[in-house]
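Below: one structure, written as structure tokens.
The values are calculated or read from the model by the stated rules, or taken from the named source; none is laboratory data. Treat the numbers as computed from the prediction; the structure is a model and nothing was measured. No Cβ is skipped: glycine too gets one built from the backbone with ideal geometry, and neighbour counts run over all protein chains shown. Keep in mind that these areas ignore ligands, DNA and RNA; they rest on the heavy atoms of the full protein, side chains included. Shrake-Rupley method; radii C 1.70, N 1.55, O 1.52, S 1.80 Å.
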Amino acid sequence: MAILCVCFLGFSQGVVTIEGKIMGEKSNPISFATIYLLNTNFSVSSDSSGHFMIKDVPTGDYNIAISAIGYVTINDQLHVNNEKNKVFLFRLADATNQLDAVIVSAEKKEQNVQNIPSSITALIAKNIDDYRLLNTKDLTAIVPNLYAANPGDGRNVTSIRGITSSSYDPAVTTYVDGVNQFTLDTYMPELFDVERIEILRGPQGTLYGRNAIGGVINIITKQPTNKRNWFIQVDEGNYGEERYTAGIRTPIIKDKLFFGASFLYETMNGYYFNEYSNSKFDKQHSIGGNYYLKYLPSSQWAITFNLKHLDNRNYGSFPLSESPDQAFADPYHLDQNAVAELVDNTLNSSLSVNYTGRQFNFCSQTSYQSNYRYYKTPIDGDFSPADAVTIINNYGNKWNNVKVVTQEFKLSSPASSASKLKWTAGTYLFYQNTPNKQATHFGKDAALVASPDSNYAIVNTTKAKSLGASIYAQETYSLSKKTDIIFGIRYDYQDSKEEVLGEYLPDGSPAPIFQTQPDTSGSTSYGAFSPMLSFAYHPVSNTNLYATYSRGYRTGGLTQLGSDPSQPPLYAYKPEYSDNFEIGIKNIFFDNRARVNLAFFYTRLSDVQVPTLILPDAITVTKNTGDANSKGIDAEIAATIIKGLEATYNFGYTYAKYTSLNLSENGTTSNLIGNRQIFTPDFTSMLALQYTLVLNSSQSIRIVARGEWFYLGKEYFDLANTISQGSYSLLNARLGVATKHFELFLWGRNLTETKYISYAYDFGATHLGNPKTYGVTLKTKF
């Protein structure tokens, strides 16, 4: 607990001023603590003596959260009325003694994660530093039953509970500061200056809609407040790793106007060596930024403009060996005559308007996203020194430049409401424009890939546009103090149009000489319902039992145009659906010193979108040709064993298989019923031990030692289940000293230098996981 002395200094027509003081276990005042009334715009910091004041607070019942560096975050109920001189007493505990209360916005309102009747992993800023999370793919196994990887081009494929991405429409959707990172093209996987990460496991169709069929990764970055602070962090490691981040948050006009900015620059020499050019293959660097301008016209209104950008350069994308055998025989070496130089520029902007009132809360968020992604030099399509196949898409910014506009309006019950009914409702609109132009070039060695000709290109042009709208509502009704029922429904509608043109272009010809696919177009539209129903029972304090049904879906669409005439374009495929049944229990024991969360799930997939990678174009043709189911368990355990020693163990088991699957390739059909799902380890396990030794009474000097053990089970990478990775372990460590303003840490990852397949295509091209890396991190903050 904490000591929080709260006095009501005045009131008028149901509005009061709250004053109080934050103290520690030894009655010491705590300065710069953050006091926040959840789901409102009321947030202040305590002064040097621990005092704070919140003005113009409407009477009612609130959830309050209090946090301070070095102390345990608490969350409690606060009843605000017109009674004068009322005093509330809380006491903030030493962070080495207890576990934090974690506040999340997973259900589009702020609440304690332990009170939500669904499986959610929440990582606060401290956890993000402890795990040294730099990219969303680093979440693998930290979150039970989550696996994420990429083939080296920076676009992660993420699987949760056996539901995985099969195309540019993800199965696990990512939100950053409330904005849907619409496709694999437009999202930003880099993590810097992050407040928390929430991972929702299982379908989230009701509140999040399309492409949340497997779950949601919800990333919230740090926003500016009245407290001025800044930081600079430097990471240096082997393989030429350099990562520099910095940020500042400051009030421009106290209580009214705030500014925040954070920056990222990172570079590395890469892990792969190209025998063909006798040089490093995948040298890369990134520049990113996140900028906030926030205005509070009154205590009820907040207007926030946010701009993010990430510019990637990779001198050797797709560092792939030709086969798993070759990858293990000669690790991190390849032999390619074409070095694809990636240019990847992503921009996300949003304008949010929030109103908190006595009758309802309102939020409007408008976003614009763009991604211009192309390769200055061609991609090696045969992954060999032969001049057989290359992929070209450098045709100017008119092409391969995705643009998305979204608009969400949301209404919800007021934060101060004492009603048994809590509700959220809203509507979501989007427009997406995807102009794509790509050539498959067959060189002098084209006969090696069975091409009837050489020294020519097939140029494919696709113009795709989609628009959609949805409406949703979710309600929580308290049947009693111990029992809640939650019901939600969403309806989505989408319309997609596509135009395609294929042309034959011989080398040396100024223009195509004939069409391989006449200019033609197609369209499709569909609607999808996403209901959910949940029962929650709280038999005693700090225990939450629940049973939930939820439905999600992945968007349908039209297939692309490729050079293979046996795969016609404009084939309409339907949405893929998942029905998830889950029971779980969440517990906190021993005065917030231990937390145990368990969930058992069964998921049924219908109209599964089965991808077929068309070579040499490297495009994906999608068809609804299967059904599948997935079942398993999630377990999250955290405990403060003794003062300063914290243990975390996360375990997931998934058994995911196809109950029907007919795969058509090369003119034949294979019945793959009973095969296991791809990108799905049968279990994930992560054990972390961290010891913090406090060297002085003010807790300002700490020595931290941390070790992590990851163990992942067998995993398949192709639907035929011929390419697999057996069970393997990874060891990470971190050791350093932290003071109030400075941190210095040594770190190492994959210390045993385990060789394992991180990603593989169904035709055999293989990307290994990162080798042993180590380095140092220096951070200063004020």
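Observations on the model:
- Computed on protein heavy atoms with a 1.4 Å probe, the accessible areas place Leu347, Leu310 in the order Leu347, Leu310, largest first.
- In the chain, the calculated helix contribution to ellipticity at 222 nm averages -500 deg cm²/dmol per residue, counting -39,500 (n - 2.57) for every DSSP H run with n ≥ 4.
- The candidates Met532, Met53, arranged from most to least accessible area with a 1.4 Å probe in the full protein assembly, appear as Met53, Met532.
- A 1.4 Å probe over all protein chains sorts Lys283, Lys623 by accessible area into Lys283, Lys623, starting with the largest.
- Pairs spanning more than 18 Å between alpha-carbon atoms, out of Lys256/Lys740; Lys740/Lys779; Lys403/Lys463: Lys256/Lys740.
- Pairs of Cα atoms nearer than 8 Å and 6+ residues apart set the relative contact order; for the chain it is 10 percent.
- For the stretch 44-189, the relative contact order comes to 11 percent (Cα pairs under 8 Å, sequence separation of at least 6).
- Percent of Cα pairs in the stretch 400-487 per distance bin of 5 Å, from zero to the largest separation: 3, 10, 12, 9, 9, 8, 8, 7, 6, 6, 5, 5, 4, 4, 3, 0.
- Percent accessible area from carbon and sulfur atoms, the chain, protein chains only, probe 1.4 Å: 57
- Across Lys398/Lys444; Lys109/Lys631; Lys586/Lys643, pairs whose alpha-carbon gap is larger than 26 Å: Lys398/Lys444; Lys109/Lys631
- Dipole check for the stretch 172-234: with +1 at the C-beta of Lys and Arg, -1 at the C-beta of Asp and Glu, and the Cα centre as origin, the magnitude is about 200 Debye.
- Summed over the residues of the chain and divided among them, the accessible surface reaches 39 Å² per residue at a probe radius of 1.4 Å.
- Simple rule: put +1 on each Lys or Arg Cβ and -1 on each Asp or Glu Cβ in the stretch 515-599, find the dipole, and look at Ser525, Tyr546, Ser578; the Cα lying farthest toward the positive end is Tyr546.
- Principal axis analysis of the Cα atoms in the chain yields extents of 89, 52, 49 Å, listed in decreasing size.
- Kirkwood-type radius of the stretch 652-782, with distances r between different C-alpha atoms, in Å: 18.0
- Each peptide among 456-462, 256-262 gets the average number of other Cβ atoms lying within 10 Å of its residues, and from highest to lowest they stand as 456-462, 256-262.
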